[in-house]
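Inspection log for the structure reproduced underneath, given as structure tokens.
The values are calculated or read from the model by the stated rules, or taken from the named source; none is laboratory data. Just so we're clear, the structure is a prediction, and the values are computed from it rather than from any experiment. Here the Cβ positions follow ideal geometry from the backbone for every residue, glycine too, while neighbour counts run over all protein chains shown.
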Amino acid sequence: MSEIYSHSRLSSFEDCAKKFEYRYVLKLKRDTESIEGFVGKQVHKVLERLYGFAAQGMVPSLDKVIGRFRIWWNERYDPARVRIVRTENDADYYREIGERCLGNYYRRCYPFDGDETLATEEHVVFSLDAADRYRIQGFIDRVVRTRDGAVEIHDYKTSARVPPQSRLDGDRQLALYQIGLTERFGAQTPMRLVWHYLAPNQVRTSSRSPEQLDTLRTDTIDLIDRVRATTHFEPKTGPLCRWCEFADVCPAQNESREAREEPSHALTKALPAARRGQLPLT
């Protein structure tokens, strides 16, 4: 059976092939995660629990929702394991972001009966080709059937920034999930892609035509072929390097550290000679 890919796995290759190698080829273990990832994980779990209660007709109060978030935060937050890159912010700052995300969503969607929840944290696995050589998997935050009969793929985001609509209209992740769900609901079922940007309390939607999905299918197969053909994984430096869990072993990061340290080493070597009158001090 062919190897299974995911949007996050493919994005890792696009962002930095070296990170992809460490994570998926060499399978280096890292028992840490970013504070941003930690916040997102706890918010997702609380919303999944919320919809579980709502499905039974027992919608908890917002205070109880926030209380559950705080309980899980206190149980699971470990400063030795959760990395805070922006050190000007402490853990309480990020906890408050999580609480704001939940409060915004709760107040906007209460009493959670505007549509039918078909699944939460739905694991989808599907093939992009008839020969089953290009398999994709992912987890959908929430699958919804709306009152007009459409199926919506909902995704929760805890980031502060809302991308422009043009970027969402080209988003790969939810569109791939649409390919997978089309096999279940049929090509005639209208589908929408929905992003909840929880911190700024904004919602964005998009849709894909059959032609766009066919193009996505072809492009993703081509990308998987590139991944499979790669034997030398080059690092790509950029702002995201600060959040990389493999910075301690990455050759590009080591070179960057050495470059930053080199001037001080050179000055240290030059000072004794200057004191002996062999080099000018200015």
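In the stretch 89-136, which residue that is closer than 17 Å to R68 by Cα and free of Cβ contacts under 8 Å to residues at least 40 places away in the same chain is farthest from the chain's Cα centre (by Cα)?
D92
Taking the stated definitions as given, is V59 outside any helix (DSSP H, G or I), surrounded by 15 or more Cβ atoms within 10 Å (Cβ to Cβ) and modelled with pLDDT of 95 or more?
Yes; evaluated as a whole, the condition is true for this residue.
Would you pick out the residues in the stretch 22-69 that are closer than 23 Å to S159 by Cα and polar (S, T, N, Q)?
T32, S34, Q42
Going through Y5, Y22 one at a time, which residue ends up being assigned to a helix (DSSP H, G or I) and in contact (Cβ under 8 Å) with a residue 40 or more places away in the chain?
Matching residue, one of Y5, Y22: Y22.
Quick check: anything in the stretch 37-55 loosely packed, with under 13 Cβ neighbours inside 10 Å and not small (G, A, S)?
For the stretch 37-55, residues loosely packed, with under 13 Cβ neighbours inside 10 Å and not small (G, A, S): absent.
Among the residues of the stretch 70-77, is any closer than 30 Å to L128 by Cα and in the same structural domain as I140 (by TED's automatic domain parsing)?
Taking every residue of the stretch 70-77 in turn, none turns out to be closer than 30 Å to L128 by Cα and in the same structural domain as I140 (by TED's automatic domain parsing).
In the stretch 25-52, which residues are in a helix (DSSP H, G or I) and closer than 30 Å to D219 by Cα?
Selection gives V25, E36, G37, G40, K41, H44.
For the stretch 204-217, give me each residue that is among the charged types (D, E, K, R) and part of a loop (DSSP other than H, G, I, E, B).
R208
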